[in-house]
Amino acid sequence: MFLINCPYCGERDQQEFKAGGEAHIERPKQPTELSDDEWAEYLFMRKNIKGVQFERWNHAHGCRKWFNMVRDTSNDEIKAIYKMGEKPPAQ
Amino acid sequence: MTKNLRVKSSEYIDETNRISFKFNGKTYHGFKGDTLASALLANDVHLVGRSFKYHRPRGIMTSGSEEPNAIIQINPCTNRTEPNVRATEVEIYEGLEASSQNCWPSVEFDIGGINNFLSPFFPAGFYYKTFMWPASFWEKYEFFIRHSAGLGKSPTSSDPDIYDHRNVHCDVLVVGAGISGILAAKNAAKNNFRTLLVDEKNELGGSTIYENNEFNKIDNKTPSEWLKKEIEELKGIKNLEIKTRTSVAAYHQYNYLLARENLTDHLEAKYKTNKIRQRLLKIRAKKVILATGALERPLIFNNNDRPGIMLSSAIKKYSEFYGVACGNKNVFFTNNDSAYESALSLYNKGINVEAIIDIREQSESKIVKKIKETGIKIYWSHSIVDTAGYKRLNSVSIMKLSNDGTSVTGSKISISCDCLGVAGGWSPAVHLYTQSGSKLKFDEEKKVFLPNQNTSEQISVGSCGGDFKIDEIIKNLNHKLKDNLNIKETNLDNIKVETDQENSKRNIWLLPSDKPLGKTKPFVDYQNDATAKDIKLALREGFRSIEHVKRYTTTGMGTDQGKLGNMHALGIIADTAGVKMGELGTTTFRPPYTPLTFGTIVGRNVGKFFDIFRRTPMNDWHVENKAEFENVGQWKRAWYYPINGETMHQAVQRESKAARESAGILDASTLGKIDIQGSDASEFLNRVYTNAWSKLAIGKCRYGLMLNEDGMVYDDGVTTRLGENHYIMTTTTGGAANVLGKLEDYLQTEWPELDVYLTSVTDHYATASLCGPNSKKILKKIISDLDLSDENFPHMSFKEANIGSIQCRIMRISFTGEHSYEINVQASYGKDLWKKCMEAGQEFNITPYGTETMHLLRAEKGFIIVGQDTDGTMTPIDLQMDWIVSKKKYDFIGKRSLYRSDTMREDRKQLVGLLTDDPNIVLEEGAQIVSELNQSPVEMLGHVTSSYFSPNLNKSIALAVVRGGKDMMGKKLFVPMENKNINVTVANPVFYDQTNERLNAQL
């Protein structure tokens, strides 16, 4: 059970949070101009890395804010947490 | 009859407090302070159980939670019965009853014992190999296997006890209150760390508290005396909380630990009532100090499992702590000095020690010399090759061990004895350490796994960290505490430790016998009856991974989780396969460290609290009026209202007719309601719904369909424009929370520039839906000053009004196709509103209807229910709802996906109506639809999604999804059922009032 440092509320138990998949996948601004393959790339393709992964998390049972997390999936070490819209930390 | 083996009064046993208890139906006596194991041993009872596979007689082996054999059923045939309890952990109380498991008819005479003689036919993987053929027989085999397997009996009535969960936060958690744990906790607390010290036993002090070895001194006192003083000083230290009878079950990441606190298990039944039995502590610790000690290893030799064969350290604890002699003629078998300490303890109490058999060539430590002086016979370089005695050990046979330790030579000597203490060295209890994700390394010299790489703020101190000698323990503990807690001085700086402990040890994982291995039974896992032979067989059959060998042989898979024999299993594998133990690795130690009861795991979440449920403000009325309820998400919704013993079908037919012929009323409070405000609210709705919203006038309502980004229908509902920048959205009952979550996600992550605020108001409003041709008249009676004409208040519009002083929002919208109104009031007025409607509607025979009638009425109109007629693979086009998809809007969620090659396929499953050729046959929802009956295999075209008998049309109707259904209007299809094929015809899904005249109908 992780201890997650919500950037708005501070350290909270993992059960207050919801995981939201890979981070930094921006919704295309002009979807209609994309080919089927390009749209499929956005829609379906997600990484599942053993190692450092960038993820979206939501403080669903707290402030309900979304934020980003850098997590090493091999040992669940949370390496960084930053707000939506902020640049990811350098590797 | 019963013998008394109490040897000397112990300060931990209250001999003035005599307790009687029953074991296997016979009454025994013990004293306050005894465990079930110590009390049985005091009565000379060793045989307490039968082993799992061979049903061999087994006795008490240990004095702690690692016990593999003495697992018993507590209070059988009562509602407090519990199987698989370790007798070594049960504190006795007046009236306790316990019985052996896995034996029939009794532990003394067990029919299953025949398996022992058939054992050559039960090798490792016996079940896998034997019950493979013929495959179809598995069900029959399984019946018998299940009957003969399993330990203990689960209770048959509900648990009378209360269980609790508690969140605990601390700076330092110390696990284990032996000497290391006590000193760690004391120093942490004194340095202002909020400290929690837990121990699974009821007394503090671990094994040091009865350590009276004259060769070990701390500040010139025996370790026992010195530690008692330290424990005394713990009282009154601020910041220190101590919990005994508390066993840490799991150590998860981020220093999150689960511990079970036992509160009433040691009490008489009359004191258990209405108290919390066990509490699960959910601990978040900034730092964890593991002081879990070490477990003594047995030795693996032929027939090493007879009742009377115990761990040497357990014999010492029973004599020193409980004042119980485990036997009258004791023999020890060892590979290190530990057994000498136990022997000396017995000797000092006048208990007879016959001999010590040591596989080492010699030892020169003081304690060995002392034993030599006592005249106890020591056999150096000898090993036990066999033991005798079926229900109780009566002798051991020993032979000289060869120099390389692989064989025995010379003549056999038989030594008569009734108790054998084995000492195979010590394994640090690293179970919790590895659960935390931390990594071990193998110390080739000490032959133990030691903590190596920590993943969180933690240290392992004392013997669980690899320090076995008292001087090393104190020195390294001091050093680790200063380092980890960042403190300058401790009370350990100036203490003087004297010791003569030696680490000398001769490690042989599998001791040889004069018989070939195949003819011996050297048990490695006592509980699961896995022998060294089984492990070697697994290796011969090609298993290499330790995890595979474990599963194949079941070594380490009992309730004791291999606490005793795992190291030997690894050692035997390494020796046989010719690899180093460090390279072999270990099996995974999984939580819980000791078993938890289900009660502890679920805590208060039982019965009504198992899952929360939600009730509408009108719920009491529904209950009073005998409604049947159905669960919709977490809501309890009125399903139908049977009158005079009506069946569900009869009630629904009556309700449905009444709603169309006069008036019906539905509690629609459960619909999700989201208040949407902000200057970009209209733009936001444009992006989340498929249709256009900008031009919706204030005071008007519109139905919207929401898609996922993949183009599939996600939710639907009516949204009303309350003001220029203010909307109220309704969602499906089950989808409310997810819709809010999805909208927030898009607002926060994709469109943060939009000025929109979302608030869930589902619980704030109660909604009564009034429908039918008399609905207007009823509403008029409640609200006289509102102009209800179709011109002023047309379908799909909204008015604010007052019922007396109660403000309400009224939407003229319809999910039944009838003239209808949804009246929303503040939740607390919901029941009043409902009663007013019922009162006003009485003269029109207003009929309350539930969700089943609602489903029927909407199906007559061909309205979909998201989640029933859709399943996450239906686009609006598939639903034949092209009309709601805006062609003009540049973008909305899911739009691009509607033009993917897959979503544009003509042969997708599409929503159609189905009519049965025989109008009285009602199709089953979920039934498959085919066009050809004689095909093989039959091509499944789709399935029925909704099906009812319509009382208003007097025929059966159904909605279905059918491949290419859009172009099948009028086509004959079949619904094949078990006993018959039902002929159906594809029809328009709108069965009733296709021209929507009823929306304005009134009587």
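The values are calculated or read from the model by the stated rules, or taken from the named source; none is laboratory data. Note that the coordinates shown come from a computational prediction; the quantities given were computed from them, not determined experimentally. For neighbour counting, all protein chains shown are included, and Cβ atoms are generated from backbone atoms with ideal geometry for every residue, glycine included. Only protein heavy atoms, including side chains, enter the accessible area calculation; ligands, DNA and RNA are left aside. Shrake-Rupley method; radii C 1.70, N 1.55, O 1.52, S 1.80 Å.
Within the protein assembly as shown, antiparallel bridges make up roughly 75 percent of the DSSP beta bridges whose residues both belong there. Exposed loop sites here are GluC sites (Glu not before Pro) assigned a DSSP state other than H, G, I, E or B and surrounded by at most 13 other beta carbons within 10 Å; excluding them, the longest clear run of chain A is A:27-85. Beta bridges assigned by DSSP with both partners in chain B are antiparallel in approximately 75 percent of cases.
Counting only protein heavy atoms and using a 1.4 Å probe, the accessible area of B:GLU94 comes to about 70 Å². Taking the C-alpha atoms only, the angle from helix B:179-190 to the longest principal axis of chain B is near 60 degrees.
Of the residues B:LYS895, B:LYS780, ranked by 1.4 Å probe accessible area with the largest first, the sequence reads B:LYS780, B:LYS895. Heavy-atom accessible area, probed at 1.4 angstrom with all protein chains present, ranks B:VAL961, A:VAL52 as A:VAL52, B:VAL961, highest first.
Counting heavy atoms of the protein chains alone, B:ARG615 has an accessible area of about 140 Å² for a 1.4 Å probe. The alpha carbons of chain A give a radius of gyration and a Dmax of 14.6, 43 Å, in that order. With K and R counted +1 and D and E -1, the other residues having a Cβ less than 12 Å from that of B:SER946 yield a net charge of -3.
Taken along the Cα-to-beta-carbon direction at a fixed 7 Å, the label points for B:TYR390 and B:HIS649 span 6.6 nm. Peptide B:248-254 shows a mean partner chain C-beta count of 3 within 10 Å per residue C-beta.
Among the lysines of chain A, pairs at least eight places apart or on separate chains and with Cα atoms under 26 Å apart come to 21. Both radii were evaluated on the Cα set of segment B:230-307; the Rg over Rh quotient, with Rh as the Kirkwood radius, amounts to 1.10. With the Kirkwood sum run over all distinct C-alpha pairs, segment B:452-605 has a hydrodynamic radius of 19.0 Å. For the protein assembly as shown, the equivalent ellipsoid built from the Cα gyration tensor has semi-axes of 71, 33, 30 Å, listed from largest to smallest.
Largest first, the residues B:VAL632, B:VAL975 sort by 1.4 Å accessible area into B:VAL632, B:VAL975. Rolling a 1.4 Å probe over the protein heavy atoms leaves B:TRP509 with an accessible area of roughly 20 Å².
The charge dipole of segment A:1-83, taken about its Cα centre with unit charges on the Cβ atoms of Lys, Arg (+1), Asp and Glu (-1) only, comes to about 360 debye. Using the Cβ of B:SER365 as centre and a radius below 15 Å, the other residues enclosed give a net charge of -3, where K and R count +1 and D and E count -1. Among beta bridges from DSSP that stay inside segment B:319-420, the antiparallel ones total about 50%. Residues in segment B:909-926, backbone N under 11 Å from the label point at B:LEU953 (7 Å along the Cα-to-beta-carbon vector): list them, ranges by number please. Taking a point 7 Å out along Cα→Cβ of B:LEU953, the residues of segment B:909-926 whose backbone N falls under 11 Å are B:913-916. Computed over all pairs of different Cα atoms, the Kirkwood value for the hydrodynamic radius of segment B:328-452 is 16.2 Å. The Cα center of segment B:578-636 and the Cα center of segment B:343-416 differ in position by 53 Å. Given their separation in residues at 0.36 nm each and the Cα-Cα distance between them, B:PHE609 and B:GLN880 gain 93.3 nm when the chain is fully extended. Relative to the longest principal axis of the Cα atoms of chain B, helix B:830-841 runs at roughly 40 degrees.
For B:ARG80 and B:ASP493, the difference between the fully extended length at 0.36 nm per residue and the C-alpha to C-alpha distance is 143.7 nm.
Relative contact order, whole percent, for chain B stands at 9, derived from Cα pairs under 8 Å and 6 or more residues apart. Tell me which of B:PRO592, B:PHE613, B:VAL632 sits at the most positive position along the dipole axis of segment B:584-635, charges placed on C-beta atoms (Lys, Arg +1; Asp, Glu -1). Farthest towards the positive pole: B:PRO592. Computed from the C-beta positions of B:GLU630 and B:ASP918, the FRET efficiency with R₀ = 22 Å rounds to 0.15.
Rounded to the nearest 10 degrees, the inclination of helix B:470-485 to the longest alpha-carbon principal axis of chain B is 30 degrees.
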